[in-house]
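First comes the structure, then the notes that go with it.
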Amino acid sequence: MNFGLFGNNNRIANLVITDTAIRYADLKMGSPLIVQNYGEKLLPQGVIADGKIIEYDTLAMILEECIYDWGIKKRQVRFIVPSTSIIVKRVLVPADIAEDELKGYLFMEIGTSIHLPFEDPLFDVVKLGEKEDKQEILLVASPEEVIHSYRDILDEVKLKPVAADISPLALYRFFYHNDMVKSSDHEMILQFDEKLLTISIFHRNQPIFLRPISFQGDVDLPDSSPDLDRGGIFYLEDTFKEIEKVFSFYKYSLNKGEVNVNNVILTGDHPYLNEIYQSLSERLSAAVHRAPQDSMLDAKGQSVPGYYDLAVGLALKEVL
């Protein structure tokens, strides 16, 4: 999703900035794809909260350290917009609105017939098809101030932001490249990070649903449970129930009971992802999958940690 920022330099660096970490990946294009360079810097608690930059100067200083360590001085960069600031909304528009006029039409309607929970949105549009003699579109919007806060801090440290994306699209791109998704399926992607779950659903290679769920409060993760009772993730019980509710909502509210999610892909950097995988495999009616360990290799042929899939999917933005 390009939010008015463009660029086509093949040496674009790809940054994922979350509440807990900054990650970077740089691809060598070819077949197979090689993760040429990658890196991670953990963030102190409170620098970013729910996707909002709280300690601007601290984040700028850490970014400058990353730029030096990763050798990306003055590079063009793509970045991920925080899922907590994204709204996805199905909208019906008149059938006679041409595709190249959709954004102009929506710009006029936002705030009148189309209501968003924030002012001054930046948005993109996905055309879904026809419904009730109208066009059905998916409106993907984020507050301008959130996107500009990330753009501005990247400018501050002498990087050149050229494109923004959202994590579900970047992840879907990665899974598509690895033949883990099918256009005909109803795919749910569960991005389980330490502080945030992002639920998204795709059909016909298009995003249909997106919902972020922040884990409330400061959760002290327990030590890994030596047995199989998965007690270490007891605090996620309500989150698991929310996932099951999304299954029902998608089937009955969005699709009148005619279709259901039939494939689930689990990803993220949560330290208990293995236990989460086991629990969801038992609870959900659809098969739950994870990306193969060898789906990303570095220049030396070594496996790259799975939580870099988001940065790699971002790097594929102008390729697929």
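The values are calculated or read from the model by the stated rules, or taken from the named source; none is laboratory data. Fair warning: this is a prediction, and the values are worked out from it, not measured in the lab. As a convention, Cβ positions derive from the backbone with ideal geometry for all residues, glycine included, and neighbour counts pool all protein chains shown.
Taking the stretch 87-143 as the range and being part of a strand (DSSP E or B) and of a type in the set (Phe, Trp, Tyr) as the test, only PHE123 passes. Listed by position, the strands (runs of 3 or more DSSP E) contained in the stretch 176-219 that have at least 3 residues being assigned by TED's automatic domain parsing to the domain that holds VAL246, within 16 Å of the chain's Cα centre (by Cα) and at pLDDT below 95 are 206-214. For the stretch 15-63, taking the residues that are hydroxyl-bearing (Ser, Thr, Tyr) and farther than 17 Å from LYS317 by Cβ, the one that is nearest to the chain's Cα centre (by Cα) is identified as THR18. Remark: pairs (first residue in the stretch 46-61, more than 16 Å from ILE213 (Cα to Cα) and touching a residue at least 40 places away in the same chain (Cβ under 8 Å); second residue among the aromatic types (Phe, Trp, Tyr) and part of a helix (DSSP H, G or I); Cβ separation under 9 Å; 6+ apart in sequence or on different chains) = ILE53/TYR150. Please tell me if LEU138 is modelled with pLDDT of 95 or more and either crowded, with 20+ Cβ neighbours inside 10 Å or under 19 Å from the mean Cα position of the chain (by Cα) (or both). For LEU138, the condition - modelled with pLDDT of 95 or more and either crowded, with 20+ Cβ neighbours inside 10 Å or under 19 Å from the mean Cα position of the chain (by Cα) (or both) - is not met.
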